[in-house]
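The block underneath contains the structure these notes are about, expressed in structure tokens.
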Amino acid sequence: MNEVKSPKKPLIYYYFIVLLVLMIINLTVMPWFNSRQVVEVDYGTFMTMTENHEIGQVLVDANKITFTNKENTQIFKTGRMDDPGLIERLHAAGAQFGGEIVEEMPLFLSILLNWVLPMVIFVVIGQLLARQMMKKAGGGNNSMMFGMGKSNAKVYVKSAEGIKFSDVAGEDEAKENLTEIVDYLHNPGKYKEVGASMPKGVLLVGPPGTGKTMLAKAVAGEANVPFFSMSGSEFVEMFVGMGASKVRDLFKQAKEKAPCIVFIDEIDAIGKKRDGQLSSNDEREQTLNQLLTEMDGFEGNTGVIILAATNRPESLDPALTRPGRFDRRVPVELPDLKGREEILKVHARKIKTEGNIDYAQIARMASGASGAELANIVNEAALRAVRSGRNAATQADLEESIEVVIAGYQKKNAILTDQEKRIVAYHEIGHALVAAKQTNSAPVQKITIVPRTSGALGYTMQVEEGNHYLMDKKEIENKIATFCGGRAAEEVVFGSITTGASNDIEQATKLARAMITRYGMSRDFDMVAMETVTNQYLGGDATLACSAETQARIDHEVVETVKAQHEKAASILMENRAKLDELAQYLYEKETITGEEFMHILNK
Ligand code: ADP
Ligand code: ZN
């Protein structure tokens, strides 16, 4: 897209400074230069100077006498009197006759030199400076020098190769939601006729990397209107009032360019709840207030539509989300299986691939990946193809890059001791075997025991078949048992335990705690929420909301739940000890086992 310069601001501040400088120069420096300017004296002074031999040069005209002092630094002038002995006296005083006495500078020349010339020079320099700063700022305003706090919103003009909805794969609900806005921008008359007004603001909420920015750009691309984009954090300035002035400026520009899309990324940076705490931030609040005022200030039908993205919708100020401001909320969720497949295909179009790639398979393997991660997976596959000297990416490249993106690169020089490798093999098979033996758990896709840069020594890829919206209590318990399976295998086989299970322990605990505090799946607490999730899209941290006593009981119940599943896992493994040994031996030798091989050995 082409960037265009935002309208040039008057250089009024600059000219004001120039005028001030000129005045100072004229008052202080210039008189010194002009000291040879002619001074009018009376005839008496002239006579006294003559008597004191103070005359340098002298020029006697018909009706005036011009003379200088001995040092020739000052010119004097006086009228001519009828003074017969004058010439003799001057001669006696040692004055020089004739010669050239530089006459007074004509007034217009003096003004030209003192005022106009410097002004012209300043203006030329100023223009050059301004032009250079414009270039540097890439079309932004020269905000540093010629006016504080101008908005740096980038303006994009409509362009043929802009992003379209077809570039955003999956996210059908979000697209459908935004189509109405595109339609409105195309044909506002249709809406005005019925008296319907468009929402002024639309909030795109969802986890990072799901394509919120892309969707906003696509709306502008589809509607063929300018796209102003700014990040919420850019409004937060050091000085109180600067952010507010940026908001004002952004809206002024937008209104001039209407119809258009204004996109504010990470709006939670300014739109956080004003909670009146001691740590409240004046600057941020002012900026937010300005934003609220601006949004109230224009009618719903001016054609300026504000899209904002956030992954912390719960932290936004209620004033921002009330009707008339960001009253429409479009969820942009992590893609489902079909969505992942489409995203992979969209990005695979940009690289060279072999013809026989099973994208559905890759999508199934990359469960839980965001759009950004999938884009990264495709790129990693292309890089891997180049690294091994091929000219197209293969299925294997894509499969390996899932592990790279999720678990990190293979650590080539991390050498496990024989015993360590055996423990890791048993640990990973333990997870898989417990999962496979519990009918409701998903079968494994692949297990490798090559150390990864993320620190994982082994990696088990579980596969969910299709989409899943509800989990019953049994399933969650089975999941916890699967997490415990690794450690249980170590215990069953080696009788000792290692540090390798720390991540499993964390996950199992999280699940058990959620069962009790949020899903109402405990014996004692019935349907009472003990915890509320504070940021759903960023890891899902939760805060406890109960008395200390209850907390102790919750902790106790979490321990009981995990313990029960740990025992279950251990008993499954003991019952299948022969298979456990056989599978672990296979993995130990081959370092990789696929789901098919695993099931084959298990069902032999
Ligand atoms: P967000 O703003 O939600 O954090 P972005 O819109 O910046 O995410 O997406 C980052 C990148 O991820 C995009 O440039 C694109 O390559 C890829 N991506 C994310 N979602 C999708 C999608 N639905 N379709 C195609 N590519 C996507
Ligand atoms: Zn484990």
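The values are calculated or read from the model by the stated rules, or taken from the named source; none is laboratory data. As the structure is a computational prediction, the values presented were derived from the model and not from experiment. In this analysis, Cβ positions are derived from the backbone assuming ideal geometry, glycine residues included, and neighbour counts consider all displayed protein chains. In case anyone asks, the SASA skips ligands and DNA or RNA and just uses the protein heavy atoms, side chains included. Shrake-Rupley method; radii C 1.70, N 1.55, O 1.52, S 1.80 Å.
Just one of (1) modelled with pLDDT under 90; (2) out of contact with any Leu (no Cβ under 9 Å at 6 or more places or on another chain) fails for residue 341. It is (1).
Of the residues making up the stretch 497-536, those that are open to solvent by less than 60 Å² (accessible area, probe 1.4 Å) and in a loop (DSSP other than H, G, I, E, B) are 498, 520, 521, 522, 525, 530, 534, 535.
Of all residues in the stretch 176-198, count the ones that are in contact with a strand residue (DSSP E or B) (Cβ under 9 Å, 6 or more places away or on another chain) and not hydroxyl-bearing (Ser, Thr, Tyr).
First, the residues of the stretch 176-198 that are in contact with a strand residue (DSSP E or B) (Cβ under 9 Å, 6 or more places away or on another chain): 177-178, 181, 184-185, 198.
Restricting the remaining residues to those that are not hydroxyl-bearing (Ser, Thr, Tyr) gives 177-178, 181, 185, 198.
Looking only at that region, the number is 5.
Do you know which of the residues in the stretch 349-381 that are assigned to a helix (DSSP H, G or I), of a type in the set (A, V, I, L, M) and over 21 Å from residue 446 (Cβ atoms) is least open to solvent (accessible area, probe 1.4 Å)? Among those that are assigned to a helix (DSSP H, G or I), of a type in the set (A, V, I, L, M) and over 21 Å from residue 446 (Cβ atoms), it is 375. The condition of being within 13 Å of ligand 1 (Cβ to nearest atom) and without any contact (Cβ under 8 Å) to a residue 60 or more places away in the chain holds for only one of 175, 190, 212, that being 175.
Could you say whether any residue in the stretch 507-520 is closer than 30 Å to residue 424 by Cα and in contact with a Cys (Cβ under 9 Å, 6 or more places away or on another chain)? Checked the stretch 507-520: at least one residue is closer than 30 Å to residue 424 by Cα and in contact with a Cys (Cβ under 9 Å, 6 or more places away or on another chain). Examine the stretch 498-518 for a residue that is in contact (Cβ under 8 Å) with a residue 40 or more places away in the chain, at negative phi and in contact with a His (Cβ under 7 Å, 6 or more places away or on another chain), and state whether such a residue exists. Yes; the residues of the stretch 498-518 include at least one that is in contact (Cβ under 8 Å) with a residue 40 or more places away in the chain, at negative phi and in contact with a His (Cβ under 7 Å, 6 or more places away or on another chain).
Considering every residue within the stretch 579-592, establish whether at least one is aliphatic (A, V, I, L, M) and out of contact with any strand residue (DSSP E or B) (no Cβ under 9 Å at 6 or more places or on another chain). Yes, some residue in the stretch 579-592 is aliphatic (A, V, I, L, M) and out of contact with any strand residue (DSSP E or B) (no Cβ under 9 Å at 6 or more places or on another chain).
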